[in-house]
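For reference, the structure is listed below as structure tokens.
We did not get these values from a lab; they are worked out from the coordinates using the rules stated. This structure is a prediction, so every number in the text was calculated from the model and none was measured. Reconstructed Cβ throughout: ideal geometry from the backbone, glycine too, with neighbour counts over all protein chains shown.
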Amino acid sequence: MFRFKKSQLAVTDLFIALVVALILIILVVFTWNRYVIILKEENVYKEMQLITFQTVDLLIKSSGEPSNWELNPTNVDVIGLASSDRKISASKVDALINLSYNFTSNSLGISYYDFYFQLKHVNGTQLMGYGIAPNNTVVSVQRLVSYKNEDAIAEFALWK
């Protein structure tokens, strides 16, 4: 009779060990999946930061391609707002405002994202805004520029 009790105890120990091992495996899998999701979100955010920096630099440092694209905005290859480095041309800003949002987004190469570009006076007064106002997690970059011979802040925001 003792032999049967010992074998029952061994089977019980086996089931307890299997349950503990199964719980540990499930815990490891859920933790692994959580870290994968966190790393993916972090990579997306870093990619958005890089795109934001590149796009705002393109807008405020480049005159675009062709350099006089504001004369015929529908034939623009690269949108740039600068007459020279960080000096924003009012005529290029006016031409940008008249372009469609989708055309601008495709031309800037950011069609997978939404964006908002604005020029503000140094005191915070908005001089110009273009795009869709953000409502989500935003990557935003501000640069000091000259607009109509006054200091201004160019702000570019990007989100999904």
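When all alpha carbon pairs of the chain are counted in 10 Å bins from zero, the resulting P(r) reads 10, 30, 22, 9, 7, 7, 6, 5, 4, 1, 0 %.
Sparsely packed loop sites in segment 1-97 (the trypsin sites (Lys or Arg not before Pro) outside DSSP H, G, I, E and B with at most 13 other Cβ atoms within 10 Å) do not occur.
About the Cα centre, and with charges only on the beta carbon of Lys, Arg (+1) and Asp, Glu (-1), how big is the dipole of segment 2-159? Nearest 20 debye, please. Can you show the working numbers first?
Values: 13 positive and 14 negative charges, 204 e Å.
Approximately 980 debye in magnitude.
Quick one: which of LYS87/LYS120; LYS87/LYS160; LYS40/LYS61; LYS46/LYS87 span more than 20 angstrom between C-alpha atoms? Violating the 20 Å limit, Cα to Cα: LYS87/LYS160; LYS40/LYS61; LYS46/LYS87. The residue among TYR112, LEU39, VAL28 whose Cα reaches farthest toward the positive pole of the charge dipole of the chain, with charges on the beta-carbon of Lys, Arg, Asp and Glu, is VAL28. Helical runs (DSSP H, four residues minimum) scored at -39500 (n - 2.57) apiece and divided by the length of the chain put the mean residue ellipticity at 222 nm at -17000 deg cm²/dmol.
Among the chymotrypsin sites (Phe, Trp or Tyr not before Pro) in segment 94-160, those located in a DSSP loop and surrounded by at most 11 other Cβ atoms within 10 Å of their own Cβ are TYR112.
Over the C-alpha trace of segment 106-160, radius of gyration and Dmax come out as 11.9, 34 angstrom. The ratio of the alpha-carbon radius of gyration of segment 85-138 to the globular-protein estimate 2.2 N^0.38 Å is 1.21.
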